[in-house]
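The block underneath contains the structure these notes are about, expressed in C-alpha cells.
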Amino acid sequence: MAVMDSPSPASSTTPPPPRVALFGAAGAIGHSVAAALRSEGRRYRVIGRSEAALRGAFGADPLAEIVTWDPDAPASVQAAARDIDTLVYMVGVDYWRFALHPVLLQKTLDGAIAAGVRHFVLIGTVYPYGRPRGNPVREDHPREPHTFKGRMRREQEDLLMAAHAAGRILATVIRLPDFYGLGAGDKSFLSGAFQAAVEGGTANVIGPIDKPHEFVFVPDVGPVVVRLMDTPGAYGRCWHLAGAGVTSQLDMVREMERQVGHAIKRRVAGKAMLRILGWFNPMLREMVEMHYLLTDPVLMDDSALAALIGPIRKTPYPEGVRQTLDALRRERSTKR
C-alpha cells in the first residue's frame, strides 16, 4: 500500500497573527504607521468600523489583516486585540464630539488588557498643555488646558498612564503638532492652500497666518512611532515629535507659490469670523476655542525623543511641499 507524503509545514500552516494593531488605522497617521511596518516586512492588523473603507485603503497589502470592531461592545474590542502585543491608538472623533475621546480610550484599554495586550501607544496632541508658559515646550511642561478639548485629551492621557502605573499594561504617549502632507486631507490648516495651489480658486485659511508655527510631515511620523514602540525605555512617560523647524502658514503658502509659479488667492478667517461661520458649520464652530494655537503656538522640543531612539529624520518643508503638491496632482489626474 502506498504511503502518502505528509504535507510540509510550509503548506499546512498559516502565517502567525500580526503582533501590532492599528486602532483607527484609516486616518493619515494610521497610513503612515502602516507604511513604516510594511517597509520592514512586518504583518499588522488594521482596525476600524467600516470594512469597505479598510479594504479600500489596505486590501492590496498582503501584510495587512483587516478587522472591524464596535468599541461599544467589549467582546468586539477584545476580539480586535486578540494575539496582539502592541496596540497603536489613533481613534478619531468628530471635532464636536470630543467628550467621546476618554470614553473610547477607556473601552479600548479595558478590552486590550483583557485580551493580553502588553504595550499601548497613544498618538496624542499638544491640546493638554493649554497656552504655553514659554517655548519650546518640553514634556515636563505643566498640562493646564483651558479648553474643553484640551481637558478631554488630558483625561485620555491620564487614564492610560494610570493603567501603566497600576501595572496593568505598558503605556506611552507621543504628542504631535499639526501635520500636513500625504493623506492629511482637510485635517490640516494648510489643506485649502494646497488645494488652491493645484486646482486654482481661493484658499480658505484660518489666521493669523504669519505667527510662528510648526508642522510634521505625515510620512515622517510612522517610522518614529515604530521605533518608539519597539524601544523598551519608551514606556511609562510621554514624548514629543516636533516638526521640521519653526515656520508659519504664510511661509508655507509662499513656498507653495514658489513651486507652482503663481500666486495663491486666499481668504483669511480670524477668530471673529470663525464665530460667525460657526453658526452654519459645526467644525468651524468648534475651532473657536482652539484658535489660541494660532496666536500662542505650542512649539515642541523633541530632544528627549532623539536621545531615546536616535536621530529623527524630518523632511524639510520645501521637500514636503513638493511631495504633497505632486500627490495632489496625481490624484487630480486620476479623477479626470
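Please specify each residue of region 311-320 satisfying the condition of being open to solvent by 20 Å² or more (accessible area, probe 1.4 Å) and of a type outside the set (Ser, Thr, Tyr).
Step one: of region 311-320, the residues open to solvent by 20 Å² or more (accessible area, probe 1.4 Å) are 311-314, 316-319.
Passing the criteria: Pro311, Ile312, Arg313, Lys314, Pro316, Pro318, Glu319.
One line per residue, one yes/no per condition, for (1) touching a residue at least 60 places away in the same chain (Cβ under 8 Å); (2) farther than 28 Å from Arg133 by Cβ; (3) open to solvent by less than 40 Å² (accessible area, probe 1.4 Å); (4) touching a Gly at 6+ places or on another chain (Cβ under 9 Å):
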position	(1), (2), (3), (4)
Asn281	no, yes, no, no
Glu289	yes, no, no, yes
Tyr292	yes, no, yes, yes
Leu305	yes, no, yes, no
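At least 3 residues being modelled with pLDDT of 95 or more is the threshold, and among the helices (runs of 4 or more DSSP H) wholly inside region 278-336 those reaching it are 292-295, 303-309, 317-335.
Scanning region 245-254 for residues that are in contact with a Lys or Arg (Cβ under 9 Å, 6 or more places away or on another chain) and either aromatic (Phe, Trp, Tyr) or over 15 Å from Pro297 (Cα atoms) (or both) turns up just one, Val253.
Scanning region 92-130 for residues that are farther than 22 Å from Ala304 by Cβ and in contact with a His (Cβ under 8 Å, 6 or more places away or on another chain) returns a single hit, Val93.
The values are calculated or read from the model by the stated rules, or taken from the named source; none is laboratory data. Treat the numbers as computed from the prediction; the structure is a model and nothing was measured. Glycine gets a Cβ as well: all are built from the backbone with ideal geometry, and neighbour counts include every protein chain shown. The area values use the complete protein model at the heavy-atom level, side chains included, leaving out ligands, DNA and RNA. Shrake-Rupley method; radii C 1.70, N 1.55, O 1.52, S 1.80 Å.
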